[in-house]
Amino acid sequence: MALMGMTMTQKIMAKAANKAKVTAGELIECNLDLVFGNDITAPPAIGEFYKMGAKKVFDKRKIALIPDHFTPNKDIASAQLAMTMRQFAGDMGIAHYFEIGKMGIEHALLPEKGLIKPGDMVIGADSHTCTHGALGAFAAGVGSTDMAAAMATGTAWFKVPEAVRVVIKGKKQKYVSGKDIILHLIGIIGVDGARYRSLEFCGDIAQLSMDDRFTIANMAIEAGAKNGVFPVDGLTHTYLDEHDAGRGVSYEPDKDAVYCEEIVLELQKIPPTVAFPHLPENTKGIGETQSMRIPVDQVVIGSCTNGRIEDMRLAAEILKGRQVAKGVRCIIIPATQKVWKQCVNEGLMDVFIDAGAAVSTPTCGPCLGGHTGVLGAGERCVSTTNRNFVGRMGHVTSEVYLASPVVAACSAVAGYIAGPE
């Protein structure tokens, strides 16, 4: 019987495993191009690294440590976590250590620093590592123990995933962004609809900016996917060149690649979309939500999902000349120092502050209920983050509504969940 072709993900994994071919369900050991962790996941990984008797990392140029969740440190415990990372980075001579003043949210910072390129095999001790599939890489989240072993050996074991082919068709409406597209997809297939599968995007992707693609890949995990990946095109090459990343190795799926499912997304039919509590699959179009006039206490614009410069520009477009509604706390968090500086240079900071918003240094802070925007009992927040589980952003009776920067900014001005007119 003739063997069928491979998907994009399978080709990357085959290269990393030094195999001519891999098939779905196969267990393989892969060589890694980058291993990274943050201030929650890296400290336990460092502890396990020493417990296994490791003396040095496999390659100090292929490890990145980014304290971004509780930084600037909010208390003594978080300060100790950062100290653990700082000491380890110094002892091991790790080249890519990014802290306050040079830092950013890991999934925005690493591509910005040119550390991800097509064909790379990347693992990170954070579930949203799948973000980096936007650049045509295989990128997946792992646990801290896996990170420890990877830092020592430079390898990790995987089960080769099946793949879902997601076909992008048509032209998106004004004010519809990558966030709306991925929320719409999750609303269709559910939070377990792609469990341990690859989401491979194709079709009319040229209209999707790199920031759109990062956002879509970022939330692949919210559908249960092992990874999300985009094909490499001219826009990808432009981004790679701008960030001195190198071109890497671009893969395309074989014509006879096997997909367990195909989903077609007709962009012209996708409206600005909101995910209601307490799951990202609980989606509604903005037309449904506006009539409900659901009041909000807080708005957060930022995170690894929507803290890039395009997100900041969209929020500023809505907020310019307007005021945040009385009683609403609007917190804006550029994802990296570079994005923060771009906001200053483009006059976006003036727009945010004049509108009555607070602007933070880069941090994951409120997304996980860490700091810089924790919710109290019964409070509601419209957020551009990626999860809205019970208690995700604070008190167990608080509520998080996931949305794009446009919807978040509109809601901040209206005082209730609202979209563009």
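Structure notes:
So that you can scan it fast, the table gives a plain yes or no per residue for (1) under 21 Å from G187 (Cβ atoms); (2) at pLDDT below 95; (3) open to solvent by 40 Å² or more (accessible area, probe 1.4 Å); (4) among the charged types (D, E, K, R):
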| site | (1), (2), (3), (4) |
| --- | --- |
| F214 | yes, no, no, no |
| N218 | yes, no, no, no |
| L235 | no, no, yes, no |
| Y239 | no, no, no, no |
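- Yes/no for D311 being in contact with a Pro (Cβ under 7 Å, 6 or more places away or on another chain) and either in contact (Cβ under 8 Å) with a residue 12 or more places away in the chain or among the small types (G, A, S) (or both): yes
Each row is one residue, and each column tells you yes or no for (1) within 18 Å of A335 (Cα to Cα); (2) not aliphatic (A, V, I, L, M).
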{"site": "A89", "(1), (2)": "no, no"}
{"site": "G101", "(1), (2)": "yes, yes"}
{"site": "A108", "(1), (2)": "yes, no"}
{"site": "P111", "(1), (2)": "yes, yes"}
{"site": "A125", "(1), (2)": "no, no"}
{"site": "H128", "(1), (2)": "yes, yes"}
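- So A156, is it in contact with a Gly (Cβ under 9 Å, 6 or more places away or on another chain) and either in contact (Cβ under 8 Å) with a residue 12 or more places away in the chain or farther than 26 Å from E252 by Cα (or both): no
- Scan of region 140-161 for residues that are part of a strand (DSSP E or B) and either of a type in the set (A, V, I, L, M, F, W, C) or at pLDDT below 95 (or both), ordered by number: A140, A156, W157, F158
Each row is one residue, and each column tells you yes or no for (1) closer than 26 Å to P43 by Cα; (2) open to solvent by less than 10 Å² (accessible area, probe 1.4 Å).
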| site | (1), (2) |
| --- | --- |
| G119 | no, yes |
| W157 | yes, no |
| Q173 | no, no |
| S209 | no, no |
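- When G143, G154, G114 are checked against the criterion of being in contact with a His (Cβ under 8 Å, 6 or more places away or on another chain), of a type in the set (G, A, S) and more than 22 Å from G5 (Cα to Cα), a single residue qualifies: G114.
- Summed over region 123-152, residues that are more than 15 Å from N31 (Cβ to Cβ) and crowded, with 24+ Cβ neighbours inside 10 Å total 14.
- Qualifying position, being on the phi > 0 side of the Ramachandran plot and under 17 Å from the mean Cα position of the chain (by Cα), among G228, G224, G246: G224
- Single residue of F201, F214 found to be in contact with a helix residue (DSSP H, G or I) (Cβ under 6 Å, 6 or more places away or on another chain) and of a type outside the set (S, T, Y): F214
- Matching residues, region 279-302, being hydrophobic (A, V, I, L, M, F, W, C), part of a loop (DSSP other than H, G, I, E, B) and open to solvent by less than 50 Å² (accessible area, probe 1.4 Å): I294, V296
The values are calculated or read from the model by the stated rules, or taken from the named source; none is laboratory data. No experiment lies behind these values; they were computed from the predicted model shown. Heads up, the Cβs are rebuilt from the backbone with ideal geometry, glycines too, and the neighbour counts pull from every protein chain shown. Just the protein is used for accessible areas: all its heavy atoms, side chains included, with ligands, DNA and RNA removed. Shrake-Rupley method; radii C 1.70, N 1.55, O 1.52, S 1.80 Å.
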